[in-house]
Amino acid sequence: MPALPAAEIARVFRQEYGRAVAVLVGVFGDLDVAEEAVQDAFAAAVQRWPSAGLPPSPAGWIITTARNKAIDRLRREASREDRHAQAALVHARDEPVEEGPVRDDRLRLIFTCCHPALGTGVQVALTLRLLGGLTTAEIARAFLVPEPTMAQRLVRAKGKIRDAGIPYRVPDEADLPDRLRAVLAVVYLIFNEGYAASAGDALVRRELCAEAIRLGRLLAELMPDEPEVMGLLALMLLIDARRPARTTPDGQLVLLADQDRSRWDRDRVAEGQAIVRRYLRRNQPGPYQLQAAVNAVHSDAPAAAATDWRQILALYDQLLAITPSPVVALNRAVAVAEVEGPEAALALVDGLELDGYHLFHAIRADLLRRLGRDGEAALAYDAAIALAQNAAELAFLEGRRRTLAGA
């Protein structure tokens, strides 16, 4: 039997880590116990699977191994009169499977992590760590903060959960809407990391895109009358529809303007557009609905030259009014460049404080290039290259930079 490649174990880890942690939290009622047990199980898999081969149910193997390792560890600690370990053992032995309005383990853990006792940013970061399969470094890049800062936030969040005795349980149905904002942010950030991986060789992590859309559909079943839930689902469907055309066969990045639109997933486009039309008629616009509407306009255009940029700019005006942020303003500036020209857009971009964000420098470089200011464009590309962590994005930026080699 040929040795199992390490990449295959890494794939299982990315796909199953969140599910396994969610199940183990339900078994033991303790975040740290669950996460440590799952990590121990994957460490065992790294030792066993290369020679023994992939088990018939990798997820089942991980969950069973993690549960057994957690019980063994807790028994050792409980014998030293560790009341925390004793409580976790009792929970594992006697706690019934909890029923409530949220039936899926992973979605249930998202809601419980989004407890109002934690700040929204911490809720999102902690849930991404537990369920999104994201490393601390990846989460830090998503929040545009240094990795040590994010690591400290995660440690503090776990400590607050432990010290305050925050229970891991299904919230009452009346409590679900209050936690919705953070839950939607979590799902969207999981999708973003899948669609544009912050690091690594591949631009796209398909398993994260699929998981985010799966969670979005569960949310839509749970809360079908929440326009922002449906807006997020539509947004993910419309963006994911472009995935087949987003890279070349060898993995190189293809910009939206250069994509072969015949390769877009038209079923997903149609589903996303139908959701956008249905919920925008309610006239309760929210950030996800407006972003979905922007992408619906893109998907309406048979070619890039036919894009209705004025409509997109009007939607970004609304989005910036209700969600003022530098990243929204940066995206709006891209639309301004198409409607009013690159000079007007550059004036807006230069007023933003996003120096640690590689796309800020990439967009600025492109605007400078279009204005013929090649020397400044080259410096902006250099800044973007220094910050980019994904190999496909890095190769694209380096290619653009080479076109300005004479600058």
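Is it the case, given these coordinates, that Asp178 is out of contact with any helix residue (DSSP H, G or I) (no Cβ under 9 Å at 6 or more places or on another chain), open to solvent by 60 Å² or more (accessible area, probe 1.4 Å), part of a loop (DSSP other than H, G, I, E, B) and acidic (Asp, Glu)?
Details: out of contact with any helix residue (DSSP H, G or I) (no Cβ under 9 Å at 6 or more places or on another chain): yes; open to solvent by 60 Å² or more (accessible area, probe 1.4 Å): yes; part of a loop (DSSP other than H, G, I, E, B): no; acidic (Asp, Glu): yes.
Answer is no for this residue.
Going by the conditions given, is Pro148 out of contact with any Phe, Trp or Tyr (no Cβ under 7 Å at 6 or more places or on another chain), under 16 Å from Leu232 (Cβ atoms) and exposed (fewer than 15 other Cβ atoms within 10 Å of the Cβ)?
No, not satisfied.
Considering only segment 3-24, state which residues are closer than 22 Å to Ile161 by Cβ and more than 21 Å from the chain's Cα centre (by Cα).
Scanning segment 3-24 gives a single hit, Leu24.
I'd like the full set of residues that are outside any helix (DSSP H, G or I) and in contact with a Gly (Cβ under 9 Å, 6 or more places away or on another chain), limited to segment 274-293.
Pro285, Gly286
Just for segment 345-364: of the residues that are closer than 15 Å to Val145 by Cα and assigned to a loop (DSSP other than H, G, I, E, B), which one is least open to solvent (accessible area, probe 1.4 Å)?
Leu354
Could you run through segment 357-407 and say how many residues are free of Cβ contacts under 8 Å to residues at least 12 places away in the same chain and within 14 Å of Leu253 (Cβ to Cβ)?
So the count comes out to 2.
Being closer than 30 Å to Arg108 by Cα and assigned to a loop (DSSP other than H, G, I, E, B): is that true of Pro249 here? Explain how you work it out, then say what you get.
Numbers: closer than 30 Å to Arg108 by Cα: no; assigned to a loop (DSSP other than H, G, I, E, B): yes.
No.
Does segment 181-189 contain any residue that is touching a residue at least 40 places away in the same chain (Cβ under 8 Å), open to solvent by 10 Å² or more (accessible area, probe 1.4 Å), among the charged types (D, E, K, R) and farther than 30 Å from Arg268 by Cα? Working first, answer last.
Quick first cut of segment 181-189, residues touching a residue at least 40 places away in the same chain (Cβ under 8 Å) only: 181-189.
Filter again for open to solvent by 10 Å² or more (accessible area, probe 1.4 Å), leaving 181, 185, 188-189.
Applying the additional criterion that residues be among the charged types (D, E, K, R) yields 181.
Cutting the leftovers down to farther than 30 Å from Arg268 by Cα gives us none.
There is no residue in segment 181-189 that is touching a residue at least 40 places away in the same chain (Cβ under 8 Å), open to solvent by 10 Å² or more (accessible area, probe 1.4 Å), among the charged types (D, E, K, R) and farther than 30 Å from Arg268 by Cα.
With Asp32, Asp40 as the choices, which residue is charged (D, E, K, R), modelled with pLDDT under 90 and open to solvent by 30 Å² or more (accessible area, probe 1.4 Å)?
Every option except Asp32 fails the conditions.
The values are calculated or read from the model by the stated rules, or taken from the named source; none is laboratory data. Just so we're clear, the structure is a prediction, and the values are computed from it rather than from any experiment. So basically every Cβ, Gly included, is an ideal-geometry build from the backbone, and we count neighbours across all protein chains shown. We work out accessible area using only protein heavy atoms, side chains counted, and drop any ligands, DNA or RNA first. Shrake-Rupley method; radii C 1.70, N 1.55, O 1.52, S 1.80 Å.
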